[in-house]
Ligand code: 5GP
């Protein structure tokens, strides 16, 4: 059985800074751990299989879907992404506070399945700033960028369905706000 308030689901458009927020949180809370998702996306430079993602071929991904291995999975752009049941089991057996950093459709599905989980949405200061951040990352083609911005608009429309929304104007403030939310939920 999972402890109450031990699962936090974080979403936010590509470029909202949600992964940087997580890195900042880890430094403050070593007891948190992120689920490693499976994806059919190609690894970016520096990404390691089994650490950043489980990088699967479409065939491998589909086989795992057929096997019922996923809690949730989605198509995002051209690729598939999904949370493996085994990841939740692995981190929960280690007694970790579990963090999922996933897009909105998967997050809302997850929240339905685990209503005791807490959902947070990271809001970028503006779409312009978001665009700048995605371009700065420099790992997307123009078509990818446009697709990510389009998905970002859609994701922003669903932000009110989250338990908390946190604006990422200044990264340290944002990390502190998320930290306080997690700490607050743990003492409820
Ligand atoms: P990226 O390609 O930038 O690593 O991820 C693209 C989007 O997929 C991000 O919003 C990321 O949070 C989301 N994502 C990563 N893993 C999963 C997952 O397991 N499930 C869902 N639903 N989204 C995921």
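Which whole-angstrom value gives the distance between the alpha carbon centres of region 122-152 and region 1-73?
The two parts, judged by their Cα centres, are 20 Å apart.
Could you list 114, 121, 61 in order of exposure, starting from the residue whose Cβ has the fewest other Cβ atoms within 10 Å?
So the residues, fewest neighbours to most, are 114, 61, 121.
Cβ neighbours within 10 Å, averaged per peptide: list 30-39, 150-159, 47-56 in order, most packed at the top.
So the peptides 30-39, 150-159, 47-56, ranked by packing, come out 30-39, 150-159, 47-56.
With both bridge residues required to lie in the chain, what share of the DSSP beta bridges run antiparallel, to the nearest 5%?
30 percent
Rounded, prolate or oblate: pick one for region 6-97, where a ≥ b ≥ c are the square roots of the eigenvalues of its C-alpha gyration tensor, a/c under 1.5 means rounded, and failing that, prolate if a/b is larger than b/c, else oblate. Don't skip to the end; give the middle numbers.
Working: a/c = 1.89, a/b = 1.30, b/c = 1.45.
The shape class here is oblate.
In which sequence would 174, 165 go, from the one with the fewest C-beta neighbours within 10 Å to the one with the most?
If I rank by nearby Cβ atoms, fewest first, I get 165, 174.
Could you list 26, 44 in order of exposure, starting from the residue whose Cβ has the fewest other Cβ atoms within 10 Å?
44, 26
Here, each number is a calculation from the coordinates, and none is a lab measurement. A quick note: this is a predicted structure, and the numbers were derived from the prediction, not measured. FYI the Cβ positions are ideal-geometry reconstructions off the backbone, even for glycines, and counts take in every protein chain you see.
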